Amino acid sequence: MSSYVSATEEDRREMLAQIGVSSIEELFADIPARLRLEGADGALGPPHSEQEVYEELRALAARNVSSEDELSFLGAGMYDHYVPALVDSIIERSEFLTPYTPYQPEISQGGLQAMFEYQTAMSELTGLPVSNASVYEGPSAVGAAGYVAKITNSRPRFVVSRGVHPHSRETLQTLARGWGAEVVEAPLRDGATVLPDLDGEVSAVIVQQPNFIGAVEDLSSLASAAREAGALTICACDPLPLALLKPPGQCGVDIAVGEGQTLGNRLDFGGPSFGFFTATEALLRRMPGRIAGETRDVDGKRGFVLTLQTREQHIRREKATSNICTSQALNALAGVIYLSWLGRRGIVDLAELMLKRTAYARERLSAIDGVTLLHERPVVRELALALDAPATRVIDRCLAQNVNPGYALGRDYPEYEDGLLVAITERRTRADIDRLADVLGAAVAAEATAGVGV
Amino acid sequence: MSSGESNLSVSEGLTIFERSKPGRRAFVAPELDVPDVSIDELLPAEYRRDEPPRLPEVSEPEIVRHYNRLSKRNFDLDTGFYPLGSCTMKHNPKLHERVAALPGHAKLHPLQHPRRAQGALELMWNLQQALAAIAGLPHVSLQPSAGSHGELAGVLLTRAYHEDRGEHRTKVLTPDTAHGTNPATVTMGGYDVVKVGIDASGNVDLDDLRAKADTDVACLMLTNPSTLGLFETGIEEIAKIVHGVGATLYYDGANLNAIMGICRPGDMGFDIVHFNLHKTFTQPHGGGGPGAGPIAVSDRIEPYLPRPQVVRRAGDNGDRPYFDLEYDRPKSIGRLRGFQGNYGVFVRSYAYIRSLGAAGLREVSEVAVLNANYLLAKLKEAGVDEYLPAAYDRICMHEFVLSGAPMKRELEIRTLDLAKRMLDFGVHPPTVYFPLVVEEALMVEPTETETKETLDNFVEIVAEILREAREDPEVARNAPYTTPVRRLDEAGAARKPVIRQAL
């Protein structure tokens, strides 16, 4: 008997008698005999005690170098922010952890109200009036936004900035092949997106703020060019810099989406986190995913329900605006708790701290011999450098000093072959940045010397 | 607010925004340790917002109290019976939260060099092997984030497979009993949905399938056991028909909890399978996620799997094998999301598989099916079937569907009323009004978690509600009475949507 099943031998006998069969085997009689397995599959192994499984999982964890084990400047879509203890404490409560989607609102008011609060917070951050209760994560949120544009105007082409996260661009491309749409890229020049001439065939223009190489885009101009062509503007954004940046809604953006990991979610090697999805009022009935709405009960008491469900797959089936069902409710809950913890002033304090430390890092790192800035546009939390030496080898040298200097841009951008993307969070102090400067400087110098003889 | 209500209940309904007071705060930023350069120099005013986002201004104690109070307005699996059909609400072992929170897992950056993430990649590779063994299909991608995301992967894989062979097919078949995600996915994948009927015993109507299966059909999406909780007895014939026209056979894994270690979708002829790790492999449901929807596929579909794939490479000079991410997959459909998938979910599901092993997983399915059949038999014995007969009178698998049509006719209460009255008895109601082919449907999935006593108690609750309704149907029609709120005006909420707080 495994530890998660409660039926005793006696229970089983009584239950089989009640059913009127003599063995559990008989319950599977509908399965054709030749499909039935003989005995257990050896590949799955024997059962293990809780203690043994803990030890195995601990040993696997020990073979990973986490952000606690090195000085890391990795970002590129997920960031090593401090997650306050109260987030863990609240989301580990079984009442939030173990129910499912609130199909029975009378016994799900906690989850539903949290969704409503989350929607309000995301709407405030993005400056758009409508938010859903979460989608899977950042890049698939970009794909989901593309699908909303597709069902809104049916135009055959998407123009995507090369400043959009490579994973987002690739996800959009994967999905658009299904709908039969074409995806074309708009290049970056001096760090910013340069749009091609837009015609009536363009469904949406997709940009990112700040973009993948850290640059703050002129979002208003990009959105206005899209609007003139009758296309929608979709902006993928990093939520914390939005404490300072003009909200997408005020720049003329129609759909703002993004990765929510930075809002109180841990790195988890890439997930689970959540994607947010906000839009203009005009797109409300084409939104994907769950939406909580306020209402009253029969006694006039305030309450919350899942609303506008006629968009969704369980009601509309093949005419639904998306196929999404299970999304990321618990992660979005962490998001709204985190935003409440930061608060109206705190989020600005945090963003300003990142802004100033990033500026310091930019100055400090670009002063190194053989290191220059990849672009001079304003940055908030991430900066891009060009190295005068092979980036992957420089990174290896830094790793040997237990400093992870950032992301090698050449993996996704041949045009930035020796580019390095450096992320700063509130966890990286001035002393950390100084150490990075020392280690990176030494690594670049060593590679330059090593390169001389070749 | 009516005069009868106390201030306490008024305060209970407040949102975190309504608890906000200027000047309160929880977060204190670390000290500024770099030069205090003016913001204007760093970020031109034209790019900046005019005022901070109006987030709540609250202290830490208030946040804790607010969300703890909210939590008490939720019913949860750790507290009571949750037989929500099709959702597999099984126990979530506590160990899983502990191991997922280990810093080596929880604080690992997704772009960490594979050399420095060997534990994570090995775990993913091991999970892939385990899922392949359960599905009876050799290749697994862990990337999709939920069942519906796995379905989308499956439809896009199907498209890539046909197009690679120079075929342009236009239709995907789904039975009338399919989850709504199936037809919605088909549309997103650029295909037309063609529905296939079911026969008198609840199986796919093979004649209808034969009539509709032609060379325009790209795929049949099937749930087996079906959403009626019945095993498709004609599955081998179905596979023959579908493969006969060159289409793929897709397995919706929502009901995999019935057959682990008993039989395998791969042996039935399925080409593509998705798993719902949050169902079968017990990720806590989180109030609506996170989940994960890995897929397993046959050899002919493998070249098109999403990028990157977790692979094991032989070690140098007899070293231990090395785990890596493989991007060089020229026929891949590409990415479906960022990074490598919901790793935190993988950690939990892997721990579950290691805890149970092959024998334990088989026992899970055996007891899940035993519990469902026992509950069905016990309801019948209690006379419940007079008003709530089984939609199909067969041995069921891990769940069963009742029809509330006689109850509606004779007692004048609907399945919705029955469900709402259950709330007063402290159980979560089963899934209602699905599948659509059953009138006034009630879909019950007890899972292997539940004891005989819990199931007996549920039978008594249903019998009591029916007895009560015979005397006075108004009791159920106006239920619930004891919940934090009573029936809510859903139509009004949709007519004039209030989906964020006015600030």
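Counting every alpha-carbon pair across segment B:287-385, the share separated by more than 18 Å comes to 70%.
Out of every Cα pair in segment A:85-337, what percent are spaced more than 34 Å from each other? Of the Cα pairs, 15 percent sit more than 34 Å apart.
Calculation over all alpha carbon pairs of chain B in 10 angstrom steps from 0 returns a P(r) of 4, 16, 23, 24, 19, 10, 4, 1, 0 percent. Each label was represented as a point 7 Å from its Cα along the Cα-to-Cβ direction; for B:GLU471 and A:ARG189 these points are 8.2 nm apart. Using just its DSSP H runs of length 4 or more, each adding -39500 (n - 2.57), the protein assembly as shown gives a mean residue ellipticity at 222 nm of -11500 deg cm²/dmol after division by all residues. So what's the gap between the Cα centers of segment B:238-307 and segment A:14-31, to the nearest angstrom? The two parts, judged by their Cα centres, are 27 Å apart.
Within segment A:72-208, the proportion of Cα pairs with more than 25 Å between them is 45 percent. Expressed to the nearest 5 percent, the antiparallel share of DSSP beta bridges inside the protein assembly as shown is 60 percent. Its alpha carbons give segment A:44-105 an Rg and a Dmax of 17.4, 46 Å. For A:GLN209, nonlocal amide neighbours, meaning residues 5 or more places apart or on other chains whose placed amide H falls under 5 Å from its own, are A:ALA236, A:CYS237, A:ASP238.
Couplings 3J(HN,Hα) for segment A:181-188, derived from phi with the Karplus relation 6.51 cos²θ - 1.76 cosθ + 1.60 (θ = phi - 60°), are 9, 9, 10, 10, 9, 9, x, 9 Hz, where x marks Gly and Pro.
Here segment B:116-353 was treated as a single set of alpha-carbon atoms; its pair distances binned every 10 Å from 0 give 8, 34, 36, 17, 4, 1, 0 percent. For the listed peptides A:245-254, B:448-457, a ranking on the average number of other beta carbons within 10 Å per residue, highest first, reads A:245-254, B:448-457. Of the beta bridges in chain A, as assigned by DSSP with both residues counted there, near 55 percent are antiparallel.
Coupling constants for segment A:226-236 follow from the phi torsions by the Karplus curve (6.51 cos²θ - 1.76 cosθ + 1.60, θ = phi - 60°), and in residue order they are 5, 4, 4, 8, x, 9, 7, 10, 10, 10, 8 Hz; glycine and proline get x. The mean number of Cβ atoms from other chains found within 10 Å of a Cβ in peptide B:257-264 is 4, as a whole number. For the peptides A:65-75, B:13-23, B:340-350, the ranking by packing is B:340-350, A:65-75, B:13-23, with the highest mean count of neighbouring Cβ atoms within 10 Å listed first. Per residue of B:146-154, other chain Cβ atoms within 10 Å of the residue Cβ number 4 on average. In this structure, the residue pairs whose Cα-Cα separation is over 23 Å, taken from A:LYS319/B:LYS331; A:LYS301/B:LYS90; B:LYS90/B:LYS378; B:LYS90/B:LYS408, are A:LYS319/B:LYS331; A:LYS301/B:LYS90; B:LYS90/B:LYS408.
Over all orientations, the protein assembly as shown has a Cα convex hull whose mean projected area works out to 38.2 square nanometres. Database remark: amide H of B:MET260 closer than 5 angstrom to the amide H of B:SER365 (H placed geometrically; neighbours at sequence offset of 5 or more, or on other chains; Pro and chain starts carry no H).
Only beta bridges with both residues in chain B are counted; by DSSP, about 55 percent of them are antiparallel. The HN-Hα couplings worked out from phi for segment A:273-289 by the Karplus form 6.51 cos²θ - 1.76 cosθ + 1.60 (θ = phi - 60°) are 10, 8, x, 9, 8, 10, 7, 6, 3, 4, 9, 3, 7, 10, 5, x, x Hz, whole numbers, x standing for Gly and Pro. With the highest mean first, a sort of the peptides A:127-140, A:85-98 on other beta-carbon atoms found within 10 angstrom per residue produces A:127-140, A:85-98.
Expressed in Å, the radius of gyration and Dmax of the Cα atoms of segment B:49-188 are 21.9, 63.
Tell me whether segment B:7-66 comes out rounded, prolate or oblate; compute the Cα gyration tensor, take square roots of the eigenvalues as a ≥ b ≥ c, and use a/c under 1.5 as the rounded threshold. Oblate. As a ratio to 2.2 N^0.38 Å, the alpha-carbon radius of gyration computed for chain A takes the value 1.14. Peptide A:72-79 shows a mean partner chain C-beta count of 3 within 10 Å per residue C-beta.
Throughout, read-outs are computed from the coordinates displayed, never taken from laboratory work. What you see is a predicted model; the values in this text were computed from it and never measured. No Cβ is skipped: glycine too gets one built from the backbone with ideal geometry, and neighbour counts run over all protein chains shown.
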